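Asks: Following this message is one structure expressed as structure tokens.
The values are calculated or read from the model by the stated rules, or taken from the named source; none is laboratory data. Only a predicted model underlies this, so the values are computations on that prediction, with no experimental measurement involved. Please note: Cβ atoms are built from the backbone with ideal geometry, for glycine as well, and neighbour counts cover all protein chains shown. For accessibility, only protein heavy atoms count, side chains too; no ligands or nucleic acids. Shrake-Rupley method; radii C 1.70, N 1.55, O 1.52, S 1.80 Å.
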Amino acid sequence: NLEKILHHGKRADAIVKGMLQHSRSSTGIKEPTDINALADEYLRLAYHGLRAKDKSFNSGMQSEFDDSLGLVSVIPQDMGRVILNLITNAFYVVAEKKRQQPVGFEPMVTVHTQKLNDKVLISVRDNGNGIPQKILDKIFQPFFTTKPAGEGTGLGLSMSYDIVTKGHGGELIVETQQGQGTTFTIKL
């Protein structure tokens, strides 16, 4: 009983902390940031973080960075948090698909940056199962999660959406194909 109480106490603690983080407005200051370096750092961090948690986890990872990007004015901690969240979600999805289809499936997560006229695009693409159409309009809602109880708070995409749209005046776009994968694109 004590173990269960401790487990659920820690879970409640994590949810409350997540809620506080979600409601806290960022006091961060925008500064010129190397988005390619930031994305590369978080791609490695997410991969090794998941490997530390689950030794059986394995996935290919690829970066396609536009060298003409230069420095982009963002709040680095917040944008890093968004990129990390999108990459972690992508790794989670490909790991789930690998568990369902172990034969012949090669998990792959790709981070892509691109300068397009006056816009900067940061994309995180996975070759997971895609997002079912019936839940697509709910994914940015706070507390909506498809993960099993205790694994996700449902705040990651909601927080990411707020950081990109409200904090940076950008867009967070999702493209998904059932059985093929999903691409989240940050447009600044």
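Asks: Grab the DSSP H runs of the chain that are 4 residues or longer, score each as -39,500 (n - 2.57), total them, divide by all residues and round the 222 nm result to the nearest 500 deg cm²/dmol.
Replies: For the chain, the value works out to -13500 deg cm²/dmol.
Asks: Quick one: dipole size for the chain, taken about the Cα centre, charges +1 on Lys/Arg Cβ and -1 on Asp/Glu Cβ, in debye to the nearest 20.
Replies: That gives the chain a dipole magnitude of about 720 debye.
Asks: At 1.4 Å probe size, with the rest of the protein present, what percent of the exposed accessible area of the chain is carbon and sulfur atoms?
Replies: Carbon with sulfur: 53 percent of the solvent-accessible area.
Asks: Here is a further query. Output the peptides 79-86, 177-184 sorted from most to least packed, where packing is the average of other Cβ atoms within 10 Å over each peptide's residues.
Replies: 79-86, 177-184
Asks: Continuing with this model, one more query. Quote the accessible area belonging to Phe144 in square angstrom, nearest 10, computed with a 1.4 Å probe and with ligands, DNA and RNA left uncounted.
Replies: Taking all protein chains as shown, Phe144 has close to 50 Å².
Asks: State whether the chain is rounded, prolate or oblate according to the following rule on the C-alpha gyration tensor (a ≥ b ≥ c being the square roots of its eigenvalues): a/c under 1.5 gives rounded; otherwise a/b larger than b/c gives prolate, and the remaining case gives oblate.
Replies: Oblate, since a/c reaches 1.5 and b/c is not below a/b.
Asks: What is the chain's relative contact order, in percent, from Cα pairs under 8 angstrom and six or more apart in sequence?
Replies: For the chain, the relative contact order is 21 percent.
Asks: A further question follows. What does the C-alpha gyration tensor say about the overall shape of segment 26-119? Classify as rounded when a/c is under 1.5, otherwise prolate if a/b is larger than b/c, or oblate.
Replies: prolate
Asks: With every protein chain kept in place and ligands, DNA and RNA left out, what is the accessible area per residue of the chain? Probe 1.4 Å, answer in Å².
Replies: Per-residue accessible area for the chain comes out at 58 Å².
Asks: If you don't mind, another one. What is the set of long-range amide H partners of Lys147 at a cut-off below 5 Å, with H atoms built 1.01 Å from backbone N?
Replies: none
Asks: Here's another thing I want to ask about it. State the antiparallel share, in %, of DSSP beta bridges confined to segment 1-142, rounding to the nearest 5.
Replies: 70 percent
Asks: Starting from the 7 Å offset along Cα-to-Cβ, what nm value, one decimal, do you get for the label separation of Ala52 and Ala37?
Replies: Each label point is offset 7 Å from its Cα along the Cβ direction, giving 2.2 nm.
Asks: Go through His7, His168 and list them by solvent-accessible area, largest first, probe radius 1.4 Å.
Replies: If we order His7, His168 from most to least accessible, we get His7, His168.
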